[in-house]
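Structure record follows, encoded as structure tokens.
The values are calculated or read from the model by the stated rules, or taken from the named source; none is laboratory data. For clarity, every value in this text was computed on a predicted model and none was experimentally measured. Here Cβ is always computed from backbone atoms with ideal geometry, including for glycine, and neighbour counts include all displayed protein chains. Accessible surface areas use protein heavy atoms only, side chains included; no ligands, DNA or RNA. Shrake-Rupley method; radii C 1.70, N 1.55, O 1.52, S 1.80 Å.
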Amino acid sequence: MSVAIAYFLIYVVWGSTYFFIGLCLRDLPPFVLGAVRFLVAGSLLLAVCWLRGERLFKTKLILKSAVSGVILLFVDQAVIMFAQRFVNSSLVAIIASSTAVWIMLLDVPMWRRNFKSLTTVLGVIFGVVGVGLLYVEQLLDDVQTGAHAEYGVLLLIGGCVSWACGTLYSKYRSSAEEDSSGLAGAAWQMVAAGVVFAVCACTTGGFAEVNVASVSTVTWFSLAYLIIFGSLMAYTAYVWLLKVRPATEVATHAYVNPVVAVALGAGIGGEEVTAVQLAGLAVILLSVMSVNRRTK
């Protein structure tokens with residue numbers, strides 16, 4: 001896979017999934033959405049790996065991938081679901097962008113390389129600032145009107161740390177001998193997350209809430225988009241990039257995804273884009289260019 005194509009997938013396609021997740025949640029409870037999305041995507045990817053002749057049922061591969069999948073996919077998505085009970089999605093985007101900072105701080109083997117470059121450090125910091133500018137108007141309203149917003153903030157910070165830990169675990173603990181392509185590992189990660197989502201959906205009555213006949217065509221289309229483009233393509237690209245590029249560089253997707261969300265909101269949802277938001281977009285793009293240039 002080309003590095004440029006992989007970055008397009010995690011920057012643009014992954015950023016667009018927030019829009020389609022919102023459409024799906026109109027008809028599907030969160031845990032049900034997570035279970036269906038990741039179980040179907042993981043199963044399809046396992047089938048692809050089997051057709052490629054890969055050995056899938058290796059205990060070490062499955063166990064390591066399951067740990068990564070639960071930490072990366074389940075914890076992160078579940079945290080976002082619960083956090084949105086207390087904070088607006090704009091604040092979610094701001095805090096989620098700090099993932100790149102957590103990865104830089106926790107990536108101990110790369111400290112010497114990351115922190116010797118002032119440009120890289122400043123690029124990561126300004127990326128967070130750029131996302132803040134992107135949502136500054138909404139953020140001020142959220143802080144003034146939000147009830148118990150601190151609970152959501154703490155949950156989100158925990159989710160960012162979890163994603164950073166899962167990213168680094170996937171990068172350093174997945175051996176090339178066990179999964180040279182990265183596809184089988186990504187497949188088992190999605191299956192593991194889907195199983196945990198399914199258990200949660202069963203225990204909370206999520207499946208009982210779904211009336212399949214009433215699920216709209218838009219929801220089915222959005223679910224298919226999340227499975228094919230969000231999981232099968234973008235997530236596998238993310239896992240592969242972690243094998244070939246520095247984790248700090250790959251983490252810059254956290255800055256670009258909100259840019260795509262704003263573009264979709266303005267282009268499809270008819271939302272207004274302000275001068276402050278445009279300034280935020282410019283800061284984000286400059287910070288990403290800075291980090292990518294210094295980590296090559």
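Laid out as a table, the results:
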read-out	value
Odd one out for V87 among (1) assigned to a helix (DSSP H, G or I); (2) under 25 Å from T252 (Cβ atoms); (3) at pLDDT below 75	(1)
Number of the exception - A208 against (1) within 20 Å of W14 (Cα to Cα); (2) open to solvent by 30 Å² or more (accessible area, probe 1.4 Å); (3) modelled with pLDDT of 85 or more	(1)
Every residue from the range 219-234 that is in contact with a helix residue (DSSP H, G or I) (Cβ under 6 Å, 6 or more places away or on another chain) and either open to solvent by less than 50 Å² (accessible area, probe 1.4 Å) or not in a helix (DSSP H, G or I) (or both)	T219, S222, L223, Y225, L226, I227, G230, S231, L232, A234
Count of the range 143-157 residues which are closer than 20 Å to T99 by Cβ, modelled with pLDDT under 75 and open to solvent by less than 90 Å² (accessible area, probe 1.4 Å)	3
Qualifying positions in the range 183-218 - farther than 25 Å from Y238 by Cβ, in contact with a helix residue (DSSP H, G or I) (Cβ under 7 Å, 6 or more places away or on another chain) and part of a helix (DSSP H, G or I)	T204, G206, F207, V218
Hey, G127 on the phi < 0 side of the Ramachandran plot, modelled with pLDDT of 75 or more and crowded, with 20+ Cβ neighbours inside 10 Å or not	no
Qualifying residue in the range 2-12 (condition: modelled with pLDDT under 85, part of a loop (DSSP other than H, G, I, E, B) and open to solvent by 10 Å² or more (accessible area, probe 1.4 Å))	no
